Amino acid sequence: MLIGLISDTHGVFSEAFRKFLEPVDEIWHAGDFGGGLETAQQIAAFKPLVGVYGNCDNQDLRFDHPHHQFFTREGVTVLMTHIGGYPGRYSPESRRLIEEYHPQVFVCGHSHILKVAYDQRYQMLTINPGACGQQGWHLVRTALRFQIDSSGVHDMEVFELPRH
């Protein structure tokens, strides 16, 4: 299964990102859709969507997209939330969720910094796709695309664009 992973769109889902994500089977969004429900609906009309709300998302969006999601794809367990952190530096709430669910893959957003790291302590892959929107301090807009199957996550590709 081919997954597209984005975060922090802040109301912008540009044509270049659509083109990069065209071949994916499903898009995961790690929060801060922005633009109320409109951006989430635009993405969901394009591809099947699994998402969580972020700290900048309004109440309407929070009814459709929960604070965190725990799900399985191709036999791989995934925990997704917006504010997560990194190995050794998880937010207290994320650490609690990780210890409760024991995911194989932990997905978060919020930092606007693309980072992929394996956490030896929790035996899981931590993925933050950075930000694909234009709002924020980041200089590069990013998204990820990867295969997920019974062997885990592999063949990861990074897509980058200048912020403006």
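The values are calculated or read from the model by the stated rules, or taken from the named source; none is laboratory data. Worth saying up front: this structure is predicted, and the values here are computed from it rather than measured. Side chains included, ligands, DNA and RNA excluded: accessible areas come from the protein's heavy atoms. Shrake-Rupley method; radii C 1.70, N 1.55, O 1.52, S 1.80 Å.
Per-structure values
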item: Spatial separation of Cα centroids for region 1-33 and region 44-95, in angstrom; result: 14
item: Rotationally averaged projected area of region 1-90 (alpha carbon convex hull; nm²); result: 6.0
item: Percent carbon-and-sulfur accessible area, the chain, ignoring ligands, DNA and RNA, probe 1.4 Å; result: 50
item: Probe 1.4 Å - accessible area at residue 99, Å² to nearest ten; result: 90
item: Area projected by the alpha carbon convex hull of region 53-143, averaged over all directions, nm²; result: 6.4
item: Degrees, to the nearest 10: 92-101 long Cα axis against longest axis of the chain; result: 60
item: Residue among 139, 97, 49 with the largest mean-square fluctuation in a Gaussian network model of the chain, springs linking Cα atoms under 10 Å; result: 139
item: Spatial extent of the chain: Rg and Dmax, with the Cα atoms as the point set, Å; result: 14.3, 40
item: Convex hull (Cα only) mean projected area of region 1-40, reported in nm² to one decimal; result: 2.6
item: Residue 35 long-range amide H proximity, modeled H, under 5 Å; result: 11
item: Antiparallel DSSP beta bridges within the chain, percent to nearest 5; result: 70
item: The chain - accessible surface per residue (Å², probe 1.4 Å); result: 46
item: Selected from 146, 20, 63 as most flexible by GNM, with the chain as the system and alpha-carbon contacts under 10 Å; result: 63
item: Rounded tilt (10° steps) of 37-46 against the dominant C-alpha axis of the chain; result: 80
item: Max mean-square fluctuation residue, GNM over the chain, Cα-Cα springs under 10 Å, options 72, 81, 142; result: 72
